[in-house]
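Colleague: Mind having a look at this structure? Questions to follow.
Read the figures in this text as sums done on the coordinates, not as results from a lab. The structure presented is a predicted model; accordingly, all values stated were derived computationally and were not measured. Don't worry about glycine lacking a Cβ; one is built from the backbone with ideal geometry, like all the others, and counts go over all protein chains shown.
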Amino acid sequence: DGGITQSPKYLFRKEGQNVTLSCEQNLNHDAMYWYRQDPGQGLRLIYYSQIVNDFQKGDIAEGYSVSREKKESFPLTVTSAQKNPTAFYLCASSIGTGYSGANVLTFGAGSRLTVL
Amino acid sequence: AQSVSQHNHHVILSEAASLELGCNYSYGGTVNLFWYVQYPGQHLQLLLKYFSGDPLVKGIKGFEAEFIKSKFSFNLRKPSVQWSDTAEYFCAVNDGAGSYQLTFGKGTKLSVIP
């Protein structure tokens with residue numbers, strides 16, 4: 001079945017450590033996204049990528065980094081510079097072509113990061 | 001920047017009651033509008049979308065939404081809710097034609113009591 005796989009599902013990290021969240025899709029979608037979900041805050045865009053080797057900052061990119069070396073993969077690194085990293089992180093993808101395709105998102109199951 | 005307001009944080013309804021969840025956005029230009037839903041333990045998924053044309057759009061599971069441009073609104077409705085509609089509902093709007101950036105509202109939790 002086509003979809004998005006995020007790993008790990010749960011992750012614990014000590015303060016000052018970087019951590020990388022994995023996101024893989026087999027939908028052949030061009031665009032990929034990372035969102036952060038906090039209770040009562042909705043979803044906020046961290047980074048997105050329209051094509052391989054290109055990505056743009058979203059609303060809350062500070063303290064995060066991404067790479068897009070392959071079409072199917074879009075890992076997110078939460079760095080020690082992120083002041084409040086404990087959150088639920090959602091990866092998504094979209095066909096990404098044209099006016100109507102860009103915003104119909106398919107989401108992964110999410111990764112819950114807790115900083116101890 | 002675009003902003004999206006969902007008026008209710010938590011709505012509690014009995015089965016068979018009618019539902020209307022409010023959503024207002026700030027951007028005045030051409031927009032795409034969405035409702036996404038997150039059922040307990042499941043992935044976020046698309047409920048319905050509006051790109052152009054008939055402002056009354058129908059989605060899955062009997063949901064519909066009406067785009068009222070003059071009010072910058074895209075309210076979600078269902079005439080008769082079921083226990084299985086218990087979920088969190090998110091309104092989302094893009095920043096303009098062809099934009100990849102979706103702005104989400106803070107979400108509304110719907111609890112349906114059997």
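Colleague: Full extension from B:Ala1 to B:Ser26: what is 0.36 nm times the residue separation minus their Cα-Cα distance, to one decimal in nm?
Modeller: Details: separation 25, 0.36 × 25 = 9.00 nm, distance 0.83 nm.
Gain in length upon complete extension: 8.2 nm.
Colleague: Within segment B:10-35, what residues put their amide N at less than 14 Å from the label point 7 Å along the Cα-to-Cβ vector of B:Arg77?
Modeller: Counting only backbone N, you get B:18-23.
Colleague: For peptide A:39-45, how many partner chain Cβ atoms fall within 10 Å of a residue's Cβ, on average?
Modeller: Mean number of neighbouring Cβ atoms from other chains: 6.
Colleague: In segment A:1-72, which GluC sites (Glu not before Pro) fall in coil by DSSP and have 12 or fewer other Cβ atoms within 10 Å?
Modeller: Listed in order of number, the matching sites are A:Glu15, A:Glu62, A:Glu69.
Colleague: While we're on this one: Scan around A:Thr86 for amide H atoms under 5 Å from its own, H built in the peptide plane at 1.01 Å from N, and keep only partners 5 or more places away or cross-chain.
Modeller: Under 5 Å from the amide H of A:Thr86: A:Val115.
Colleague: Compute log10 of I(q)/I(0) for chain A with the Debye formula, placing one identical point scatterer on every Cα and leaving out solvent, at q = 0.11, 0.18, 0.20, 0.24 Å⁻¹, to two decimals.
Modeller: Result of the Debye calculation: -0.32, -0.85, -1.05, -1.47.
Colleague: Still on this model: Do you know the relative contact order of segment A:13-84, to the nearest whole percent, from alpha carbon pairs under 8 angstrom that are 6+ apart?
Modeller: RCO, segment A:13-84: 35 percent.
Colleague: Also: Just from its helices, what would the mean residue ellipticity at 222 nm be for chain A, if runs of 4 or more DSSP H residues each count -39500 (n - 2.57) and the sum is divided by every residue, rounded to the nearest 500 deg cm²/dmol?
Modeller: Working: 1 runs with 4 residues, N = 116.
Taken over chain A, the calculation gives -500 deg cm²/dmol.
Colleague: Lysine pairs in chain A with Cα distance under 20 Å, only those 8 or more apart or on different chains: how many are there?
Modeller: 4
Colleague: Show me, for segment A:8-25, the HN-Hα J-couplings you get by feeding each phi into the Karplus relation (A = 6.51, B = -1.76, C = 1.60, θ = phi - 60°), rounded to Hz, glycine and proline as x.
Modeller: So the Karplus estimates, Gly and Pro as x, are x, 6, 10, 8, 10, 9, 7, 4, x, 9, 7, 9, 10, 9, 9, 9, 10, 10 Hz.
Colleague: Still on this model: Restricting to lysine pairs 8 or more places apart or on different chains, what number in chain B have Cα atoms under 14 Å apart?
Modeller: So the count works out to 4.
Colleague: Between B:Ser52 and B:Ser18, what is the label-to-label distance in nm when each label sits 7 Å out along the Cα-to-Cβ direction?
Modeller: Each label point lies 7 Å from its Cα, and together they span 3.2 nm.
Colleague: I've got another one for you. List the residues whose amide H sits under 5 Å from the amide H of B:Gln101, counting only those 5 or more places along or on another chain, with H placed 1.01 Å from N in the peptide plane.
Modeller: B:Asp95
Colleague: Something else about it: Given the Cα-Cα distance of A:Val52 and A:Thr77 and 0.36 nm per residue of separation, how much length would full extension add, in nm?
Modeller: Between A:Val52 and A:Thr77, full extension yields an extra 7.3 nm.
Colleague: Rounded to whole Å and ordered largest first, report the semi-axes of the equivalent ellipsoid of the protein assembly as shown derived from its Cα gyration tensor (root of 5λ). It would help to have the intermediate numbers written out before the result.
Modeller: Numbers: eigenvalues 171, 85, 51 Å².
Three semi-axes, in Å: 29, 21, 16.
Colleague: Still on this structure: If I histogram all Cα-Cα distances within chain B using bins 10 Å wide from 0, what percent of pairs lands in each bin?
Modeller: Binned Cα distances yield the sequence 15, 50, 29, 6, 0.
Colleague: Where Lys and Arg each count +1 and Asp and Glu each count -1, what net charge lies around A:Phe74 among other residues with Cβ under 13 Å from its Cβ?
Modeller: Neighbour charge sum, excluding A:Phe74 itself: -2.
Colleague: Something else now. Give me the inter-chain shielding for B:102-108: mean count of other chain Cβ atoms within 10 Å, whole number please.
Modeller: Across B:102-108, the average partner-chain Cβ count within 10 Å equals 6.
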